Each structure stands twice: as structure tokens, then as C-alpha cells.
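What follows is a single structure, written as C-alpha cells, with notes after it.
The values are calculated or read from the model by the stated rules, or taken from the named source; none is laboratory data. Predicted model, so just to flag it, every value in this text is computed and none were measured. Cβ sites come from the backbone with ideal geometry, for glycine too, and all protein chains shown count toward neighbours. We work out accessible area using only protein heavy atoms, side chains counted, and drop any ligands, DNA or RNA first. Shrake-Rupley method; radii C 1.70, N 1.55, O 1.52, S 1.80 Å.
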Amino acid sequence: MDNKFSGINVSAVTFTGLSLPYHRKIALIMSLAIWSGFVYLFVMFTDAVRVNIDIEEMALAAISAMLLNYIFGKAFFMARMAEWLVKRTPLGILYQQDKRVLNQAKAECLSIANRVKFMDYLEYSKINPAIRSKESAVVMAHQRKGDLQDWIKNVRNLKLLANLIYQMYLAELILQNEQDHYETP
């Protein structure tokens with residue numbers, strides 16, 4: 001036993017920190033509430049502009065300034081403001097956190113896949129039969145083809161790779177525990 005899997009980052013391979021569906025629903029509801037509030041404020045502002053001529057002139061000046069900024073700066077102010085707001089809404093923050101967790105998992109899985117050939121560890125299936133599953137065979141086939149990096153761009157495929165690595169980690173952990181058990185006097 002060469003302990004190739006015992007030193008892995010288990011948190012990364014098990015997607016620790018990934019949001020749950022109910023977290024996403026709550027974040028979506030809160031984000032919609034925030035956007036609704038901004039729409040309400042915009043409607044109130046446009047109503048105020050219609051009533052007051054001074055505000056109307058200020059709004060026209062602001063729109064002109066945004067247009068000039070777009071022409072000379074190649075960036076539309078409202079689009080940048082919307083992007084800024086999206087990144088700071090609960091759903092945007094959750095998305096960024098999930099993306100970080102998935103990138104960490106992808107990096108860890110690819111690091112392991114580049115160090116080992118999964119086919120060499122099929123003997124671990126005597127301890128953990130999940131290693132010989134159909135999904136694991138698909139992962140091994142993609143590793144053999146050499147297209148694992150492209151294949152795991154789909155999150156479901158990344159999950160299959162991470163599961164295979166985790167199952168091998170568990171088998172190696174059991175082997176290590178048995179070895180420690182028999183070595184202790």
C-alpha cells in the first residue's frame with residue numbers, strides 16, 4: 001500500500017462549503033426582494049422627475065454624463081452598477097462561494113488524477129465495492145483517454161471523479177487501520 005489517497009484534502013473532494021438547495025432558495029428570495037426594492041426606488045424617482053422640473057434637468061444631465069462615459073470609457077455606468085449589485089446580492093455571494101468550492105475540488109481532483117492511474121487501484125474494490133461501479137469505470141475510461149480535464153467541466157462529472165477518489169480514500173483508510181491494528185502489540 002503506497003498511501004496515495006490518504007493525504008488528500010478531504011474537504012475539497014467532498015465539496016465542503018457548497019451551498020444547499022434551501023440556501024439557494026433563500027438567497028434567491030432575498031435577491032429578488034432587493035431587486036424589487038431598487039425597481040420601486042427607480043419608479044419613485046421617475047415619478048419625482050415628472051413633478052419637479054429641476055430634478056428633470058438633473059436627470060437629463062446624469063443621463064448625458066452616463067452616455068459620454070459610455071462613448072469615451074467603453075463601459076455603460078448602469079451595466080457596471082448592475083454587475084456590482086449582482087455580486088453583492090445574497091445569490092451573487094452564494095454563487096461566488098460555490099464557484100470557489102468547485103474550483104478547489106477541481107484542482108484537488110486533477111492533482112490526484114495526474115499522480116495516479118485509477119486502474120492500478122482496482123484491488124481496493126475488494127474492500128470498497130463502490131470502486132468497481134459503472135460510474136467509476138466511466139471516470140477511469142476518461143482518465144485513460146486523457147480527456148479528464150475537459151470532461152470534468154460538467155459539475156456532475158466532477159462529482160463522479162470526486163466520489164471515486166473519496167471511495168479510494170476510504171479503502172486506503174480501512175487498510176491503514178487494519179495495518180495499525182495488526183502492528184500494535
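Observations, loosely collected:
- Accessible surface of the chain [probe 1.4 Å, protein heavy atoms]: carbon and sulfur percent: 62
- Chymotrypsin sites (Phe, Trp or Tyr not before Pro) restricted to the stretch 31-85 and DSSP loop, no more than 15 other C-beta within 10 Å: F76
- Comparing G92, G73, G37 in a Gaussian network model of the chain, where Cα atoms under 10 Å apart are tied by springs, the biggest mean-square fluctuation is seen for G73.
- The equivalent ellipsoid of the chain has semi-axes of 55, 18, 13 Å, largest first, where each one is the square root of 5 times an eigenvalue of the Cα gyration tensor.
- Solvent-accessible area per residue, Å², over the stretch 57-178 with all protein chains present [probe radius 1.4 Å]: 65
- Accessible-area value, I93, 1.4 Å probe, nucleic acids and ligands omitted, Å²: 90
- Partners for K106 among lysines (Cα-Cα distance below 16 Å; same-chain residues under 8 apart left out): K153, K159
- Between E57 and M81, the FRET efficiency from the beta-carbon distance, with R0 = 22 Å, is close to 0.55.
- Potential lengthening of the chain between Q96 and R132 amounts to 9.5 nm, from the contour at 0.36 nm per residue minus the alpha-carbon distance.
- Cα lying deepest toward the dipole's positive end in the stretch 7-116, options Y70, I8, Y40, charges on Cβ: I8
- Distance from the C-alpha centroid of the stretch 1-73 to that of the stretch 113-137: 43 Å, rounded to the whole angstrom.
- Extents of the stretch 30-86, taken as max minus min of Cα coordinates on every principal axis and listed largest first, are 33, 33, 8 Å.
- Only protein heavy atoms count here; under a 1.4 Å probe, T16 has an accessible surface of about 90 Å².
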